[in-house]
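**Q** Handing you this structure, nothing more for now.
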Amino acid sequence: MSRVALAIVTALTVIVSAALPSAAQTRPPVNEDVVHDIAAQLRCVVCQNLSVADSPSEMASQMRAIIRERLAAGESPAEVQRYFVDRYGEWILLSPPRRGFNLLVWLLPLAAVLVGLAVTAALVWRWTHRRRSIPAAPIVVDAAMSERIRRELEGES
């Protein structure tokens, strides 16, 4: 191959490679809504009562950056969440998974509400039926009291 042909091939290779987008350029930008959704499910390790999405701490900011990097690298939201669970344990999740012992966290409040409603319904039913079933007792007044009441009523009129 001549030097001219080699120069043309090299020039064409450079032009084509510059024209084609690289792998880094073809990745779609990270959707900030997805970053926020993942961060909203994770507990801030500094604040502990706020999600990573809501926390103003530097650690939460770093965790949001890690979420962004991992999503940009092509990981799914579930894989990003699993990364934090592997690193910090299930404690990092704001809502515990609905399986195993954690199932009690989800079922006990529901059971307590149902028991409370049943007890309230039973007490209301009992209270309303007790009032209906107790007959009004007749007022028994002896003859002397009856005469006294009659005299007082006639005397006032």
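Nothing in this text is a laboratory measurement; each read-out follows from the coordinates by a stated rule. Computed from a predicted structure; not experimentally measured. Every residue, glycine as well, gets a Cβ built from its backbone with ideal geometry; the counts of neighbours run over all protein chains shown.
**Q** For the stretch 82-131, which trypsin sites (Lys or Arg not before Pro) pass both filters: DSSP loop (anything but H, G, I, E, B) and at most 15 other C-beta atoms within 10 Å?
**A** Those satisfying the criteria are Arg98, Arg99.
**Q** Residue farthest toward the positive end of the dipole of the stretch 101-156, with Cβ of Lys/Arg at +1 and Asp/Glu at -1: which of Leu108, Ala121, Ile149?
**A** Farthest towards the positive pole: Leu108.
**Q** Turning to a different aspect of this structure: Order these by the 10 Å Cβ neighbour count, fewest first: His36, His129.
**A** Exposure proxy ranking, most exposed first: His129, His36.
**Q** I would also like to ask the following. Residue by residue through the stretch 43-54, what is 3J(HN,Hα) from phi via Karplus (6.51 cos²θ - 1.76 cosθ + 1.60, θ = phi - 60°)? Round to whole Hz and write x for glycine and proline.
**A** 7, 6, 6, 8, 6, 6, 10, 10, 7, 4, 5, 9
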